[in-house]
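Take a look at the structure set out below.
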Amino acid sequence: MSVRSKTFVLPSAFDTIERMVHEAEDFFSSQIADEEQAYNMILLASEAVTNGIEHGNQFDEEKKVTVTFECGDGKATVSVTDEGSGFVVENVSDPLNAEHMLADRGRGLFLMGQLADEVRFEEHGRRVVLVLNLA
């Protein structure tokens with residue numbers, strides 16, 4: 001099976017997320033037969049892009065987020081790279097700690113870890129790569 005991919009560069013604006021969700025829906029729905037797995041990839045892409053725009057680039061529209069979707073060889077991948085200063089994943093608060101349980105934010109990385117079969121942080125936290133093994 002050949003690998004199909006799509007890459008695009010987005011400004012760091014909140015309304016960009018909706019456009020990216022449509023791109024993810026079009027791409028993954030056409031590439032993944034299992035609807036639940038396709039939905040999981042769309043959700044993973046949304047979380048990663050939201051984090052890149054909000055936390056990485058801090059809504060600075062001069063900074064871009066580069067997104068790549070890939071499907072093939074039994075897996076689907078989303079990689080998102082921002083132009084922020086990066087972060088260390090170990091320094092992020094655990095959303096399952098009692099003091100964070102009622103917070104209305106801070107579960108994106110946890111969700112990524114639950115949905116993806118592989119989560120990699122590269123370029124000092126400026127790139128996240130999320131991999132789902134396809135059934």
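In the range 42-88, which residues are aromatic (Phe, Trp, Tyr) and crowded, with 23+ Cβ neighbours inside 10 Å? Correct list: Phe69 only. Tell me, please, whether a residue that is at pLDDT 90 or above, farther than 20 Å from Ala45 by Cβ, within 17 Å of the chain's Cα centre (by Cα) and surrounded by 11 or more Cβ atoms within 10 Å (Cβ to Cβ) can be found in the range 124-131. Yes; the residues of the range 124-131 include at least one that is at pLDDT 90 or above, farther than 20 Å from Ala45 by Cβ, within 17 Å of the chain's Cα centre (by Cα) and surrounded by 11 or more Cβ atoms within 10 Å (Cβ to Cβ). Every condition in (1) in a helix (DSSP H, G or I); (2) over 20 Å from Phe87 (Cβ atoms); (3) charged (D, E, K, R) is met by Glu54 except one, and the failing one is (2). Applying a threshold of 6 Å to beta carbon distances and a minimum spacing of six or more residues, or different chains, the list of pairs starting in the range 118-135 at a residue that is on the phi < 0 side of the Ramachandran plot and ending at one that is in a strand (DSSP E or B) and among the acidic types (Asp, Glu) reads Val131/Glu118.
Return the residue satisfying two criteria in turn: it lies in the range 9-41 and is surrounded by fewer than 19 Cβ atoms within 10 Å (Cβ to Cβ) and in contact (Cβ under 8 Å) with a residue 60 or more places away in the chain, and of such residues it is farthest from Asn133 (Cα to Cα). The selected residue is Asp34. Taking the range 8-60 as the range and being among the β-branched types (Val, Ile, Thr) and closer than 17 Å to Lys75 by Cα as the test, the residues that pass are Ile32, Ile42.
Only one of the numbered conditions (1) over 15 Å from the mean Cα position of the chain (by Cα); (2) at pLDDT below 90 is not met by Gly108, and that is (1).
The values are calculated or read from the model by the stated rules, or taken from the named source; none is laboratory data. These numbers come from a predicted model, not from an experiment. All Cβ positions, glycine included, derive from the backbone under ideal geometry; neighbour counts span all protein chains shown.
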